[in-house]
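Reviewing the structure listed below.
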């Protein structure tokens with residue numbers, strides 16, 4: 001067997017998220033079925049760096065799969081392009097280094113969230129990846145509120161709790177810029193994210209950016225350490241997984257071991 005790394009992207013609009021689900025079209029399901037069809041085997045299982053929800057896009061997603069060692073990568077890549085629908089593309093196939101795990105070896109994930117607040121709405125050609133916010137947003141307020149969320153914290157206020165899973169994360173970057181086209185881009189980087197975390201962070205900051213909540217409000221919600229029903233989870237369509245970062249090859253296995261540990265704020 002050989003472990004392959006897949007670098008891929010997709011338009012999440014017509015997918016029910018990444019994870020395979022019976023009777024639903026998912027990114028994982030599409031790629032696994034395509035691999036099984038091309039290689040004439042049972043669909044092999046993919047492990048992904050970050051599971052995305054329904055409607056969320058990816059430009060820099062990473063996955064791995066274990067296949068028979070005699071696979072010809074250039075031919076497989078071309079055949080995947082011919083079999084997969086245009087809204088999901090595998091950009092690169094490579095033999096993974098020893099110790100590589102797409103999920104557990106990752107150092108960080110970088111997401112982008114795009115928002116347009118022009119009175120006339122979003123460019124129709126960007127309607128699938130830019131959220132229209134119908135009130136003007138102040139970039140300075142957005143960034144002032146975002147600064148209070150950086151660092152390692154229990155992000156329970158911004159996560160959907162899952163049994164046995166920690167909500168402690170290290171938020172390494174969260175800032176906003178307005179591009180020449182007027183679209184606001186939030187860049188969000190963390191070692192990992194819990195379920196709905198990015199969209200909940202964005203939703204809390206949008207309330208500040210439009211002047212409906214004070215700058216301190218997201219930080220106060222964070223400090224309370226429990227899910228806050230007042231925080232609106234931003235829609236999926238504005239969110240894109242842009243990049244997954246990994247350590248040097250000789251540190252991949254150690255990183256995977258470190259990531260698997262259950263963190264708490266006293267020992268992390």
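List the number of the failed condition for residue 180; all other conditions in (1) in contact (Cβ under 8 Å) with a residue 24 or more places away in the chain; (2) closer than 30 Å to residue 125 by Cβ hold.
For residue 180, the failing item is (1).
Only one of these is farther than 29 Å from residue 259 by Cβ and buried (at least 16 other Cβ atoms within 10 Å of the Cβ): 201, 137, 174, 205. Name it.
The match here is 137.
I'm trying to understand the selection: among the residues of segment 224-246, which are at pLDDT 95 or above and either in a helix (DSSP H, G or I) or more than 19 Å from the chain's Cα centre (by Cα) (or both)?
Scanning segment 224-246 gives 236, 237, 238.
Mind counting the residues in segment 145-193 that are over 15 Å from residue 219 (Cα atoms) and part of a loop (DSSP other than H, G, I, E, B)?
16
Among the listed residues 130, 65, identify the single one that is under 16 Å from the mean Cα position of the chain (by Cα) and in contact (Cβ under 8 Å) with a residue 12 or more places away in the chain.
130
Among the residues of segment 102-115, are any more than 25 Å from residue 259 (Cβ to Cβ) and surrounded by 19 or more Cβ atoms within 10 Å (Cβ to Cβ)?
yes
The values are calculated or read from the model by the stated rules, or taken from the named source; none is laboratory data. Everything quoted here is computed from the prediction, not taken from an experiment. FYI the Cβ positions are ideal-geometry reconstructions off the backbone, even for glycines, and counts take in every protein chain you see.
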